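**Q** Take a look at this one; I'll ask things after.
The values are calculated or read from the model by the stated rules, or taken from the named source; none is laboratory data. Treat the numbers as computed from the prediction; the structure is a model and nothing was measured. Cβ placement follows ideal geometry from the backbone for every residue including glycine, while neighbour counts extend to all protein chains displayed. What goes into the accessible areas is simple: the full protein's heavy atoms, side chains included, and nothing from ligands, DNA or RNA. Shrake-Rupley method; radii C 1.70, N 1.55, O 1.52, S 1.80 Å.
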Amino acid sequence: MGTNETTQGHGNGISRRSFIGGMTGVGALAALGLAGCAPKAAGSAEAEAATSTTGATAVADNNAVAVDDGSAAITVDWLGAPPEVADGDITETKDTDLLIVGAGNGGMIAGAYASDQKMDFILCEKGTEVGATRHWFNAVDTKPFTDQGYHTDRARIHGEFARYSSGTCDHNLINMWMNESNDMFEYVDQYMSAAGAVVIADEFEMPGGMGATPFYTPSGEHHYGNAEGGRDGVPVRNELFEKVMNDNGYEISYSHELVKLVTDDSGKVTGAIFKTSDGYTQINAKKGVLLTTGGYSANPAMLSALSPITTASVTALGYNQNNEGMGIKAALWAGAVKDITSATMIFDRGLVAPGTTAGYTEESIKAGKPQFPGNGQFNPGTQPFLKVNLRGERFALESADYDYLPHAAAQQPGGVYVSVWDGNFGDDVQRFHTLGCSAMTRQMAAGMKKEDGTYDLDAYFEKELADGRLQKADTLDELADKLGFDADAKKTFLATCERYNELFDNQEDVDFGKEAYRLSELRTPPFFGATLGGTLLTTIDGVRINADCQALNTDFEPIEGLYCAGDCSGSLFSGNYPDQMHGVACGRTMTEALHVVKKLANA
């Protein structure tokens, strides 16, 4: 899998003025589908009621979402008006050729390359350190793959992007990524290999799951290990690129919070204004501004308005909490147009305690800082074990892409589901053979294998068992009680487990069509149950761009002086991420950012 951001820092909450627009308190948030996350018993009437809304429907555009709660229309202005900053409030003015905003995966490769070229540039970052590195990235027809005889079917990549985006992608932008991703890889590799890292390129096919359809496009996913294939001693790419900048005599301007872009009378973007501890700083950029500011996953107003299925299915945050969509908002204030449809990257790994439901918690809403109930990723959540809803029913094909189960659960009681496995977990995950970052489960399980061939599952799940998020029992009946199933829901759960054993025995899933080798039985104690929702990693819809990564205006013409790369940019994704094209989001982010700097270096 590839995406642009991971968890870091603490969120700043939301502005009630920009979010509610005439409504206040929890009731207003509930009308937007934000309330309803207090713990409830699995299978109970309260759990089902927790997902009910007020009958609200929403239609989003670039500026606001109109919500009809059955009685009156409410406008929620997530964009708002650009802040007013008087000339007298600007305490410092700087001039440069290129201004890069955001020190994440895109900004850091841009800064490193610009520093190598001795360009006149400034890189500003909202936080106090570089953004978290996404280690998996996709590139087309690089030497590590071509040396093994593998060449990418580019027509199939076009087809996969078009299929996933329902045709909203920009094929010229796809071509740019494919044509220039090898240059991006070689630039990354020269520094990573010099630091002792070894590129790993070992995925050529998807043996099962929805990726095994004829649509599946084998990926060019790259990541790095040490000489033994492990992670010890492997440099963190973004930190390494900061060292490159420092060695070349450049420093990142930290604690620079983007306020808005600066434009001239013609609409050309000529710079940006930042809020710092010393007041407002204006940076004028002669050649252009490159936004690499990430998405809007940490902005509840934007997320609820633009992607309600996300807030209905997510139980854990995995995003950089600096990613509040400021780059997107600043670009729109400057005349840019955004993707019409939303797209998010959700992992099916949001482990929470039994009784927890999806969405922002009531407590955090009351505090004015909406947060999801959990944090981080429980990697085994992706494994295709039996998964049931809070009624104890199997409801979806478990051998599926990462966001399919959370999306399906959004239409189920509580927005969550329960994954169940038995003492054969270790052998099962080896047989399932999932790829991408999901493969870490089988790799880590292999490390827990004992001399007698069994696996030390208590050690593997030590943390989750200790904090109560994962449940363990000697019988399925006892496990049902621990998971909160009661009355009819418990009966249904036990019957579903029995039915699943029948399917395993027959080695044919006539109910949902799962591959035989990804079926498993539930007979060998101990038994485990995990309550899951989605872990939100990032949003991947943003400002429409062309093949040169120029931001487009509402007439779909380039805005002079404004460029976007990575998760703040759009034109590629719609609805969700093409999960089986592992690393493509980070790969396109770095390729886009490098493309812009190369273009401006020669301007």
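**Q** Residues in the stretch 449-479 that are of a type in the set (A, V, I, L, M, F, W, C) and either open to solvent by 70 Å² or more (accessible area, probe 1.4 Å) or without any contact (Cβ under 8 Å) to a residue 24 or more places away in the chain (or both): how many?
**A** Residues that pass the stated criteria total 3.
**Q** If only one of GLY233, GLY229, GLY294 is modelled with pLDDT of 95 or more, under 30 Å from PHE145 (Cα atoms) and part of a loop (DSSP other than H, G, I, E, B), which one is it?
**A** Only one candidate qualifies: GLY294.
**Q** Further question: Can you tell which of TYR164, TYR113 is touching a Pro at 6+ places or on another chain (Cβ under 9 Å) and either on the phi < 0 side of the Ramachandran plot or not in a helix (DSSP H, G or I) (or both)?
**A** TYR164
**Q** Also, I was wondering about something else. Out of the stretch 515-535, which residues are among the charged types (D, E, K, R) and surrounded by fewer than 21 Cβ atoms within 10 Å (Cβ to Cβ)?
**A** Result: GLU515, GLU521, ARG523.
**Q** How many residues does the stretch 407-448 hold that are farther than 28 Å from GLY484 by Cα and surrounded by fewer than 15 Cβ atoms within 10 Å (Cβ to Cβ)?
**A** Matching residues across the stretch 407-448 total 6.
**Q** Take THR217 and decide whether it is open to solvent by less than 60 Å² (accessible area, probe 1.4 Å) and either under 30 Å from LEU79 (Cα atoms) or modelled with pLDDT of 95 or more (or both).
**A** Spelling it out, it is not the case that THR217 is open to solvent by less than 60 Å² (accessible area, probe 1.4 Å) and either under 30 Å from LEU79 (Cα atoms) or modelled with pLDDT of 95 or more (or both).
**Q** If you scan the stretch 376-400, which residues turn out to be β-branched (Val, Ile, Thr) and under 13 Å from CYS497 (Cα atoms)?
**A** Within the stretch 376-400, just VAL388 meets the criteria.
**Q** GLY271 fails exactly one of the following numbered conditions: (1) more than 28 Å from the chain's Cα centre (by Cα); (2) open to solvent by 10 Å² or more (accessible area, probe 1.4 Å); (3) among the small types (Gly, Ala, Ser). What is the number of that condition?
**A** (2)
**Q** Of all residues in the stretch 104-129, which are open to solvent by 20 Å² or more (accessible area, probe 1.4 Å) and among the β-branched types (Val, Ile, Thr)?
**A** ILE122, THR128
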